[in-house]
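In what follows, a single structure is set out as structure tokens and then discussed.
Readers should treat all values here as calculations from the given coordinates under stated rules, not as data from a laboratory. Nothing here was measured: the structure is a model prediction, and the numbers come from that model. Here the Cβ is made from the backbone with ideal geometry for all residues, glycine too, and neighbour counts use every protein chain on show.
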Amino acid sequence: MAEEHKMGSMDISQHKGAWEAFVKMTIWGTVSVVVLLVLMAIFVV
């Protein structure tokens, strides 16, 4: 029969690593878009 689940016993290190990578990628993407828009506003107009 299956073991009973205990809160906090699951290894989530891979999940944490993937989440941290996602957050870093989102931040860098947002910063890149903002910089691009600022540069376009300065040089294209």
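Can you pull out the trypsin sites (Lys or Arg not before Pro) in the chain that DSSP calls coil and that have at most 15 other Cβ atoms within 10 Å?
In loop regions of the chain (DSSP not H, G, I, E or B), the sparsely surrounded trypsin sites (Lys or Arg not before Pro) are LYS6.
Hey, what does the equivalent ellipsoid look like for the chain, semi-axes from the Cα gyration tensor as sqrt of 5 times each eigenvalue, largest first, whole Å?
Its equivalent ellipsoid spans semi-axes of 45, 7, 6 Å.
Taking 0.36 nm per intervening residue step and subtracting the Cα-Cα distance, what contour gain separates LYS16 from GLU4 on full extension?
Result: 2.0 nm gained on full extension.
Which GluC sites (Glu not before Pro) in the chain sit in a loop by DSSP (not H, G, I, E or B) and have at most 16 other Cβ atoms within 10 Å of their own Cβ?
Taking the chain and a limit of 16 other Cβ atoms within 10 Å, the loop GluC sites (Glu not before Pro) found are GLU3, GLU4.
Sum -39500 (n - 2.57) across every DSSP H segment of at least 4 residues in the chain, then divide by the residue count to get the 222 nm mean residue ellipticity, nearest 500. Before the final figure, lay out each step's value.
On the way: 1 runs with 31 residues, N = 45.
Estimated from H runs of four or more residues: -25000 deg cm²/dmol.
In degrees, nearest 10, range 0 to 90: what is the angle between the Cα axis of helix 13-43 and the longest Cα principal axis of the chain?
That works out to roughly 10 degrees.
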